[in-house]
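Only the coordinates and a few stated rules stand behind these numbers; no lab work does. Keep in mind it's a predicted model, so treat the numbers as computed, not measured. Here Cβ is always computed from backbone atoms with ideal geometry, including for glycine, and neighbour counts include all displayed protein chains.
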Amino acid sequence: MSDSVKYDKYYEDDPWVCGDPYPEFVEFFTRHISEPVQVLDLGCGQGRDSLFIARLGHSVLGVDVSEVGVRQLLEAARRERLDIDAVVADASRFKSRNKFDVVLLDRVVHMLSDAVDQKRLLRTAERLTRKNGFLLIADTKRNRETIRSFFCGDASEWSIVRRRGDFLCLRKDGGAT
């Protein structure tokens with residue numbers, strides 16, 4: 001069973017299977033982002049993070065392999081008249097001419113068992129983050145070193161703004177906020 005089919009089934013069975021927005025993302029947006037920004041949610045699923053962020057007045061683009069998840073997100077956004085668009089696509093191969101102020105990866109890296117696919121996803125997130133933009137990553141403990149080593153080498157253009165448990169907030173070309 002492909003990931004998209006598996007998640008389509010989860011999402012069909014429970015329209016809120018992933019629950020509330022990730023708490024560290026909530027804290028980041030409520031404490032640190034006061035002006036409207038452009039947000040990319042790679043692996044958005046049903047939109048638990050996207051919906052919360054758009055309710056704060058930000059513009060969000062969600063990307064996910066699940067047609068059901070994307071449809072549910074867009075339906076919720078339409079009902080609430082939120083500034084959200086979403087596309088069905090592989091997040092690790094997603095291309096956009098735009099760069100974003102904030103890019104989210106909420107429990108997406110661990111869904112890719114292959115290290116090549118994980119690095120492709122991290123490169124996509126890196127490429128799509130605007131200079132002085134933020135990358136927010138929530139993932140499992142087992143991927144912590146892979147993620148940290150990808151973004152925190154000697155020649156890295158990224159700095160760690162916050163690290164707590166399974167959450168990492170990085171800033172591109174800048175120091176801590």
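Any idea how far the Cα center of the stretch 2-79 sits from the one of the stretch 103-127, in Å? Going from one Cα centre to the other spans 17 Å.
The residues packed around LYS99, meaning those with a beta-carbon under 11 Å from its beta-carbon, carry a net charge of +3 if Lys and Arg are +1 and Asp and Glu are -1. Highest GNM mean-square fluctuation among LYS99, LYS131, LYS141, for the chain modelled with Cα contacts below 10 Å: LYS141. Beyond 22 Å in Cα-Cα separation lie the following of the pairs LYS95/LYS131; LYS119/LYS141; LYS6/LYS172: LYS6/LYS172. For the stretch 1-90, a/c is not less than 1.5, where a ≥ b ≥ c are the root eigenvalues of the C-alpha gyration tensor, and a/b tops b/c. That puts it in the prolate class. When the Gaussian network model of the chain links Cα atoms closer than 10 Å, the mean-square fluctuations of ASP85, ASP49, ASP20 top out at ASP20. Which of these, VAL26, VAL108, VAL88, has the largest mean-square fluctuation under a Gaussian network model of the chain (Cα springs below 10 Å)? The residue that fluctuates most here is VAL26. Placing R0 at 25 angstrom, the Cβ-Cβ distance between GLU80 and GLU35 gives a FRET efficiency of 0.75 after rounding to 0.05.
Multiplying the residue separation of ALA115 and SER96 by 0.36 nm and removing their Cα-Cα distance gives an extension gain of 4.5 nm.
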